[in-house]
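Data block below; observations after.
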Amino acid sequence: MPGTFRFSFGPWNIHEGADPFGPPVRPTLPFADKLALYKKLGFDGIQFHDDDAVPELNDMSSAEIEKAAQAIRRLLDSEGLLAEFVAPRLWEDPRTIDGGYTSNNEAERQYAIDRSLQCIDIAKTLNCDKIVLWLAREGTYIREAKDATRVVDKLVDAVNQMLAHDPDVKILIEPKPNEPMDLAYIPTIGHAIGLSYLTNDPARVGSLVESAHAILAGLDPSDEMAYALAHKKLWSVHLNDQNGLKFDQDKAFGSVDLRRAFMQVWVLDRNGYGNDGEFVGLDVKAMRTQKAEVATQHLANSREIFLALLDVVRGLDQARIDSLIAERNYELLEVEILRALLGRG
Ligand code: XUL
Ligand code: MN
């Protein structure tokens, strides 16, 4: 059955434009102002970091965290928005410099696990059962620094503690091959899914595929999505684009390679992605050159391109595709796909 789609993004997608070489170029938009933009832009779901929902949570008691999360829940309800997932932001604290779950230091590792359990509590208050783990610093700068086999046990143990903390929680692993670390331990969706089967409840451990992360790993994002779908473990996506092997660019969906974007929409739609409530999530950055008053254009563009590509996918003549595949005339199939993309089908 074709997919039914609703869209989401995280508040960090509306940002000040700082980069490693220059300061912010746009003012900070208060969280409540960002929330007010979601529906106007055609989005229903919010992807949170734990501290997007509860800033400064490290300095708060559990009761204070719960109260702050309840206030966000009321704000979401009043805007008619849903929390899609909450992700523990483990990469900024000095205790996670050398990794959280895979840190060589037990106290620092414990901090990462405790923070993840708090994140699950916040998610529950936001009526949300999905936790995303982008394993930002679970890697190394030099491979001698950690035991790469032991690291797998440590990651599994951390996920098991999260599963045990809440019987309803689902853990989505978002792989990325590098950045901020030189080499990450969970670089692809195959690694993420492999890890899921080592946990105590594989049915509650799935994945989020980000287009740019797959491209950085030298892989095709639609194949990564298809692989996760075959395991029934694609529970969210971060659609975006990436111009070659460089820093993680988070460009607007389809902006570099429209055909590659088309294939992602094809795979999602043909596999009924979205029919179990999964969101089409974006992880996109506005160009630094973009002025503040138009700094959500990249979000509108990405959604527009997804829906336009969906029209192309759904407008294709399947019998024609089948016959070209049967004849093995892939050259003709290719040009017919290109013609459809150019509106000349
Ligand atoms: C980092 C990245 C993050 C995660 C959420 O590259 O993609 O934004 O998606 O923590
Ligand atoms: Mn992402």
>> For region 310-344, give me each residue that is part of a helix (DSSP H, G or I), charged (D, E, K, R) and within 32 Å of the chain's Cα centre (by Cα).
In response: Asp311, Arg314, Glu334, Glu336, Arg339
> Among the residues of region 194-216, which ones are surrounded by 20 or more Cβ atoms within 10 Å (Cβ to Cβ), more than 18 Å from His165 (Cα to Cα) and more than 14 Å from ligand 1 (Cβ to nearest atom)?
Replying inline: Leu195
> For region 19-56, which residues satisfy the criterion of being open to solvent by 20 Å² or more (accessible area, probe 1.4 Å), in contact with an Asp or Glu (Cβ under 8 Å, 6 or more places away or on another chain), touching a residue at least 24 places away in the same chain (Cβ under 8 Å) and in a helix (DSSP H, G or I)?
Replying inline: Ala36, Lys39
> So how many residues does region 235-252 have that are more than 11 Å from ligand 1 (Cβ to nearest atom), among the small types (Gly, Ala, Ser) and within 16 Å of Gln264 (Cβ to Cβ)?
Replying inline: 1
> Which condition number in (1) free of Cβ contacts under 8 Å to residues at least 24 places away in the same chain; (2) within 23 Å of the chain's Cα centre (by Cα); (3) part of a loop (DSSP other than H, G, I, E, B) is the one that Ser103 fails?
Replying inline: (2)
>> Filter region 266-309 down to the residues that are within 16 Å of ligand 2 (Cβ to nearest atom) and outside any helix (DSSP H, G or I) and list them by number.
In response: Glu278, Phe279, Val280, Gly281, Leu282, Asp283, Val284, Lys285, Ala286
> Taking His298 and the conditions (1) surrounded by 18 or more Cβ atoms within 10 Å (Cβ to Cβ); (2) in contact with a Gly (Cβ under 9 Å, 6 or more places away or on another chain), which numbered condition does it fall short on, given that it satisfies the others?
Replying inline: (2)
> With respect to Met263, is the statement that it is assigned to a helix (DSSP H, G or I), in contact with a helix residue (DSSP H, G or I) (Cβ under 7 Å, 6 or more places away or on another chain) and within 30 Å of Val169 (Cβ to Cβ) true?
Replying inline: no
>> Could you check region 311-345 and list, in sequence order, the residues that are over 15 Å from Arg259 (Cβ atoms) and touching a Phe, Trp or Tyr at 6+ places or on another chain (Cβ under 9 Å)?
In response: Leu324
> Going through region 2-18 one residue at a time, which ones are of a type in the set (D, E, K, R) and open to solvent by 70 Å² or more (accessible area, probe 1.4 Å)?
Replying inline: Arg6
>> Quick check on Ser116: is it polar (S, T, N, Q), under 19 Å from the mean Cα position of the chain (by Cα) and away from ligand 2 (no atom under 16 Å from the Cβ)?
In response: yes
> Looking only at region 115-143, which residues are polar (S, T, N, Q), more than 12 Å from Asp50 (Cα to Cα) and open to solvent by 10 Å² or more (accessible area, probe 1.4 Å)?
Replying inline: Asn127
>> Quick check on region 285-295: of everything there that is out of contact with any strand residue (DSSP E or B) (no Cβ under 9 Å at 6 or more places or on another chain) and open to solvent by 90 Å² or more (accessible area, probe 1.4 Å), which residue is nearest to Lys39 (Cα to Cα)?
In response: Glu293
>> Against the conditions (1) open to solvent by 20 Å² or more (accessible area, probe 1.4 Å); (2) more than 15 Å from the chain's Cα centre (by Cα); (3) within 16 Å of ligand 2 (Cβ to nearest atom); (4) in contact (Cβ under 8 Å) with a residue 40 or more places away in the chain, where does Leu219 fall short? Just the number, please.
In response: (4)
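The values are calculated or read from the model by the stated rules, or taken from the named source; none is laboratory data. Because the structure is predicted, anything quoted here is derived from the model rather than measured. Cβ: placed from backbone, ideal geometry, glycine included. Neighbour counts: every protein chain shown. Quick note on the areas: whole protein, heavy atoms, side chains included, nothing else; ligands and nucleic acids left out. Shrake-Rupley method; radii C 1.70, N 1.55, O 1.52, S 1.80 Å.
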